[in-house]
Amino acid sequence: MIKLDLQSKTPLYLQMEQQIIDLILMGVLKENEQLPSVRNLARDLGINPNTIQKAYQDMESRGIIYSVVGRGNFVASPSAAESLKRRESMAALEKLLQDARHAGFSAQELHQAVDAAFQPRKEDDLL
């Protein structure tokens, strides 16, 4: 379910968070579904439980999951994950557009690139 890249420069807890958010957005993890316990997930992934706890606490503070004392951690509303992903995507897009503008792209070129990105592709037909 969760696969961590130990060679990545991205911290393990952030890799974990992103994968859990993606699983929520794909519908693999449903609202109010219990997440694996910190201890079990740490054992399965072969990492320190503190790393799992940090990821869970961070996701809880952002409204992605919630905890119930004595019972564990559960998926909050998928809309929280969706909202977070949209905000992160918009921030990345704004930075990319700013970089493109500094590189000399015109607004028209960027509009054309966006239009092209939203054109149906053959891969889309396979879904």
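Every number in this text was worked out from the coordinates using simple rules, so none of it is lab data. From a predicted model like this one, the values you see are computed outputs, not experimental measurements. No Cβ is skipped: glycine too gets one built from the backbone with ideal geometry, and neighbour counts run over all protein chains shown.
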Checklist entry - Just one of (1) 0.91; (2) 1.08; (3) 1.11 is Rg/Rh (Cα atoms, Kirkwood Rh) as worked out from the coordinates here. Which one is it? => result (2)
Checklist entry - For the range 80-125, which semi-axes, largest first and in whole Å, follow from the square roots of 5 times the eigenvalues of its Cα gyration tensor? => result 21, 20, 6
Checklist entry - Per-residue ellipticity at 222 nm for the chain, helices alone: DSSP H runs ≥ 4 residues times -39500 (n - 2.57), over residue total, nearest 500 deg cm²/dmol? => result -18500 deg cm²/dmol
Checklist outcome for this item: If the chain between Leu14 and Ala113 were fully extended at 0.36 nm per residue, the gain over the current Cα-Cα distance would be 32.6 nm
Checklist entry - Which net charge results when you count Lys and Arg as +1 and Asp and Glu as -1 among the other residues whose beta-carbon is under 15 Å from that of Leu110? => result -2
Checklist entry - Which residues' amide hydrogens lie under 5 Å from the amide hydrogen of Ile65, considering only partners 5 or more residues apart or on another chain, with H built in the peptide plane? => result Glu60, Ala76
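Quick check: residue separation of Asp99 and Gln53 times 0.36 nm, minus the Cα distance between them. What number comes out in nm?
13.0 nm
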Next on the checklist: Once R0 is set to 30 Å, what does the formula 1/(1 + (r/R0)^6) return for the Cβ-Cβ distance between Glu31 and Ala92, expressed as a FRET efficiency to the nearest 0.05?
Outcome noted: 0.70
Item to check | Cβ-defined net charge surrounding Lys3, 13 Å radius [Lys, Arg +1; Asp, Glu -1] | outcome: -3
Next on the checklist: Less than 10 Å Cβ to Cβ from Gln15, Lys/Arg counted +1 and Asp/Glu -1: what total charge do the surrounding residues give?
Outcome noted: -1
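Relative contact order for the chain: what percent, with Cα pairs under 8 Å and sequence separation of 6 or more?
21 percent
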Next on the checklist: How large is the convex hull of the C-alpha atoms of the range 12-78 per residue, in Å³?
Outcome noted: 77 Å³
